[in-house]
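The values are calculated or read from the model by the stated rules, or taken from the named source; none is laboratory data. None of the values given here were measured: they were computed from a predicted structure. Positions of Cβ are generated from backbone atoms using ideal geometry, with glycine treated the same way; all protein chains shown enter the neighbour counts. Surface areas here come from the heavy atoms of the whole protein model, side chains and all, with no ligands, DNA or RNA. Shrake-Rupley method; radii C 1.70, N 1.55, O 1.52, S 1.80 Å.
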Amino acid sequence: MSRPGARAAAVALAVAALSPGLARPDPLADAEHGASSVEELLGSVEEALGRPEATPHDLAAQKFSSGETQYLLGDWPHAALLMGEALDDPSFREGPQGATATFYLGDALRQAGSCGAARPYLDGYLKGGELAHRGEALAAALECAVRDEHLEQVGPLLAEADRYHQGQVPPEVRYLAAKATLLRTDLPPDERSRQADAAFAAVGAPYAHQAAYFQAVLRLERKDLPGAEERFAACAALPAGDARQREVQELCTLGVGRVKAEQGDVAGAISAYEKVPIDSPSFDEALYETAALHGRAGQFDPALRTVETLEQIEPDSPLAGRSRLLQGQLLLQQGQYDPATRTYEKLIGDYAPVRDGLDGVLALHADPARFFAELLARHGRSFEVASAVPAPAMREALAKPEVARAMGLVQALEEEDRDATEGRDIADRIGAALDRGGGIDAFPRLREGYGGVQAVENAAAVLQGLAASAAVEAAGPALDPDGQAELARVHGERLVLEGQLDSLPRTAEAVRSRLDRTRARMDALDREAFQLGYVVESARAAIAGTEAWLLAQRGTTQADRAQRDEVETELRKHREVVAGYEQDLRRLRQDIAKARDAAGGTEALSEEGRLRGEYLSLLAQERKVLDGARGRLSGQAQARFERAAALSDRISRVTDRARELSERIAGEASRGADGLRARLAAERAALDAETAALSSAQVESRGAVGQVVYRSFGEVRRELYEMVLRADVGLNDVAWTRKRDRVEQIQKLSKQQTEELKALDQRYGPALKEEE
């Protein structure tokens, strides 16, 4: 509703417009000048909408092309994503490139470490008839079967590979077959060892390093040290062409040193250890074992230098504590009691708090397995983990292979959960877009065209107003007083709306500019919501800090088990509240995203349509009133009135074309939306099923992962206890050895004194007797 003041002012302007003798600009000339521009704008919108849109099959082909590029570049996650999106289109999936895309997707998932996800696609590809990547697919499926120990699949895959390669299977398949033999538990140990050894011997390059390494391991199992040394040495002597071969070569070099050390060849073992490069992951092990060998051989100085080198190069190595123990033992054996004492005291000072802190974690929580499962799930938030568990203990635990595998499982499940949540959010946004404006908002091309049509109608309405103003100027004075009063009223109401109509976009550039401004406001809100995430993270950090404080104060606070359980329950409730805040924040950002999607859409344009309708209705009333003066006009006024009417009819035809185009857009959107709704419903059903399976897997895995991690931390605690205990014993050894040396020195001096007194007595005893 317009304000009374604005309406009165508009009526006054209308009366002034009807008064003769005033110099005013010519609105008709402006309208004629803009009519051609509006027709051109409508033509450009019609042309854009008339261009054929890329079909889903074409879009899938584009994604396949991009995904193939990423696959060849080794960007496995990106390649898998693009191939998955390409295969979502049924026509592409059944087309000539569908099988290749299936292989690329399966192999990319395998390369990314997700054999479970890769296996259905690899199996699907192998069931088809395409041969282009069949050999690669057989090797990939075989690797996944061996990696996940699905040995029942190995035999059929090997048979298929033998048929495909006509008995000349490549080294990769031979290597995987040998590894599968190594995993067989249905064979007697000796037979398994013999068959695996023969299979690895037949592998050849480029898997010769790995094959020789496993042959050496098999000989170690048989206690054949010379044979193991020969195989390790052969592996270490092979040239390494890539990072994987270098890694295996370094392990073989380490193996040579260990076998030689086991055989008592100290010099040979040290020589082998020295060949391990400084950038190798095994370098700290080589240094520690070199120092231990030097010490065992009584070579204390080189042993101490090696230990000091290890401490300088790898201060955070899992072997740091053991190397410091070794350093204390070496110093003690050299009789350097003060340095040995300082070394043991430093070790106790560093590791005793870690041991106590880990004890505090285990004592604070009634269900340690559950706590460690949750801890592993929160590992990405480093400040929480660091405050909950001492960093050295966490580092020691994560170095264990079983914890690394558990970590991989938990992170994979968390990633799947995030993907499922993101999928639901995207489905909600698509559903909201389909529900707006008959589905027009769900199709960017149609929505842009619809916005262009609305801009044409806005411009046409403004031009209609200019033409009507020219008609009012020409025919208004010829009306009778009642007609002039009615015209002044209608014209005044139109002028009230004209200011609002004039602010609406009338060009494609204006539509885009307004959309950019609206989206910029939505982006600002999203940034604020994102910053709220830091507040939520701060609350989570405060809870973790409280846990750390409770651990630090456990020695000074008196609390029984029930009180500690109460505190733990309270902290868990706070975590749940913070998790609720996180969900609320996620929903808020989802709402902002939906509002951003709706910006410039049909709902935002509906108010413009209502305003135009009211404005055009007033124009029609004006024209009806002016038609009453048509027979009274003559001369220039008659020509001007007819000119304005002709221009109004011309613009009306543009409006009719725009409305027809809007109806066409609506029909096309409706047809497309029906198909999308069906696909969206299917995707939602699949996503719901996947979410249910994922929830079940998370519940099942949480207990197993918690137990694995709990046992691993228990091992770390035992290692810390042993380390600190051995350091305490070392201090006692230093004290007793120092005391023993002093006693021995006193006994030596006493014995020397007795012997000297005896010698004096023998020398001067006769003389003293003569004097007596």
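Anything in the stretch 588-602 that is in contact (Cβ under 8 Å) with a residue 40 or more places away in the chain and either over 30 Å from residue 457 (Cα atoms) or not aliphatic (A, V, I, L, M) (or both)? List them, or say none.
Kept after step one, since they are in contact (Cβ under 8 Å) with a residue 40 or more places away in the chain, are these residues of the stretch 588-602: 588-590, 592-602.
The answer is 588, 589, 590, 594, 596, 597, 600, 601, 602.
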Odd one out for residue 141 among (1) over 29 Å from residue 414 (Cβ atoms); (2) crowded, with 24+ Cβ neighbours inside 10 Å; (3) among the hydrophobic types (A, V, I, L, M, F, W, C): (1)
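So which of 605, 618, 585 ends up being in contact (Cβ under 8 Å) with a residue 24 or more places away in the chain and surrounded by fewer than 19 Cβ atoms within 10 Å (Cβ to Cβ)?
On the way: 605 fails: surrounded by fewer than 19 Cβ atoms within 10 Å (Cβ to Cβ); 618 fails: surrounded by fewer than 19 Cβ atoms within 10 Å (Cβ to Cβ).
None of the others qualify; the one that does is 585.
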Cβ-Cβ under 7 Å pairs, at least 6 apart or on other chains, the stretch 489-508 side among the β-branched types (Val, Ile, Thr), far side open to solvent by less than 10 Å² (accessible area, probe 1.4 Å) and outside any loop (DSSP other than H, G, I, E, B): 490/622; 496/10; 507/455
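Okay, residues lined up against (1) over 23 Å from residue 233 (Cβ atoms); (2) among the basic types (Lys, Arg); (3) in contact with a Leu (Cβ under 6 Å, 6 or more places away or on another chain):
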residue: 255; (1), (2), (3): no, no, no
residue: 258; (1), (2), (3): no, yes, no
residue: 279; (1), (2), (3): no, no, no
residue: 287; (1), (2), (3): no, no, yes
residue: 294; (1), (2), (3): no, no, no
residue: 301; (1), (2), (3): yes, no, no
residue: 305; (1), (2), (3): yes, yes, no
residue: 318; (1), (2), (3): yes, no, no
Any pair with Cβ under 8 angstrom, 6 or more apart, that starts in the stretch 298-316 at a residue that is farther than 22 Å from residue 266 by Cβ and ends at one that is open to solvent by 90 Å² or more (accessible area, probe 1.4 Å) and not in a loop (DSSP other than H, G, I, E, B): 316/395
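So which of 415, 374 ends up being farther than 30 Å from residue 40 by Cβ, open to solvent by 10 Å² or more (accessible area, probe 1.4 Å), among the charged types (D, E, K, R) and at pLDDT 70 or above? Even if it seems obvious, please write down each step before you answer.
On the way: 374 fails: at pLDDT 70 or above.
After applying the criteria, what remains is 415.
Would you pick out the residues in the stretch 148-166 that are of a type outside the set (S, T, N, Q), surrounded by fewer than 21 Cβ atoms within 10 Å (Cβ to Cβ) and touching a Leu at 6+ places or on another chain (Cβ under 9 Å)?
Passing the criteria: 149, 151, 158, 160, 164, 165.
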Residues satisfying the stated conditions in the stretch 326-342, i.e. out of contact with any Asp or Glu (no Cβ under 8 Å at 6 or more places or on another chain) and surrounded by fewer than 23 Cβ atoms within 10 Å (Cβ to Cβ): 326, 329, 333, 334, 336, 337, 338, 339, 341, 342
Subset of the stretch 265-304 (residues that are open to solvent by 60 Å² or more (accessible area, probe 1.4 Å) and either farther than 22 Å from residue 228 by Cβ or in contact with a strand residue (DSSP E or B) (Cβ under 7 Å, 6 or more places away or on another chain) (or both)): 278, 279, 299, 301
Residues within the stretch 568-582 that are surrounded by 15 or more Cβ atoms within 10 Å (Cβ to Cβ), of a type in the set (Val, Ile, Thr) and free of Cβ contacts under 8 Å to residues at least 40 places away in the same chain, tallied: 0
Among residues of the stretch 167-199, those that are open to solvent by less than 60 Å² (accessible area, probe 1.4 Å), in contact (Cβ under 8 Å) with a residue 24 or more places away in the chain and over 13 Å from residue 142 (Cβ atoms), counted: 3
Qualifying positions in the stretch 113-150 - closer than 30 Å to residue 407 by Cβ and not in a helix (DSSP H, G or I): 113, 114, 148, 149, 150
Check on residue 603, touching a helix residue (DSSP H, G or I) at 6+ places or on another chain (Cβ under 9 Å) and at pLDDT below 80: yes
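When you look at residue 755, is it of a type in the set (Asp, Glu) and either under 30 Å from residue 397 (Cβ atoms) or in contact (Cβ under 8 Å) with a residue 60 or more places away in the chain (or both), yes or no? Reasoning before the result, please.
Values: of a type in the set (Asp, Glu): yes; either under 30 Å from residue 397 (Cβ atoms) or in contact (Cβ under 8 Å) with a residue 60 or more places away in the chain (or both): no.
Judged against the criteria, residue 755 is not a match.
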Unique residue being within 60 Å of the chain's Cα centre (by Cα) and either at positive phi or open to solvent by 60 Å² or more (accessible area, probe 1.4 Å) (or both) when the list is 516, 523, 480: 516
Residue within the stretch 688-696 that is loosely packed, with under 10 Cβ neighbours inside 10 Å, assigned to a helix (DSSP H, G or I) and free of Cβ contacts under 8 Å to residues at least 40 places away in the same chain present: no
Pair list, Cβ under 9 Å, 6 or more apart: the stretch 100-125 residue at positive phi, other residue open to solvent by 10 Å² or more (accessible area, probe 1.4 Å): 113/76; 113/408; 113/412
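Any residue in the stretch 251-264 that is touching a residue at least 60 places away in the same chain (Cβ under 8 Å) and crowded, with 22+ Cβ neighbours inside 10 Å? Working first, answer last.
Pass one, the stretch 251-264, residues touching a residue at least 60 places away in the same chain (Cβ under 8 Å): none.
No: zero hits.
I need the full set of residues from the stretch 705-732 which are hydrophobic (A, V, I, L, M, F, W, C) and touching a residue at least 24 places away in the same chain (Cβ under 8 Å), in order please.
The answer is 705, 708, 709, 713, 716, 720, 723, 724, 727, 731.
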Per-region count, the stretch 86-123, residues open to solvent by 70 Å² or more (accessible area, probe 1.4 Å) and either hydrophobic (A, V, I, L, M, F, W, C) or under 22 Å from residue 416 (Cβ atoms) (or both): 4
Qualifying position, being under 29 Å from residue 213 (Cα atoms) and free of Cβ contacts under 8 Å to residues at least 24 places away in the same chain, among 286, 267: 267
Subset of the stretch 210-227 [out of contact with any Asp or Glu (no Cβ under 9 Å at 6 or more places or on another chain), within 23 Å of residue 274 (Cβ to Cβ) and surrounded by 24 or more Cβ atoms within 10 Å (Cβ to Cβ)]: 212
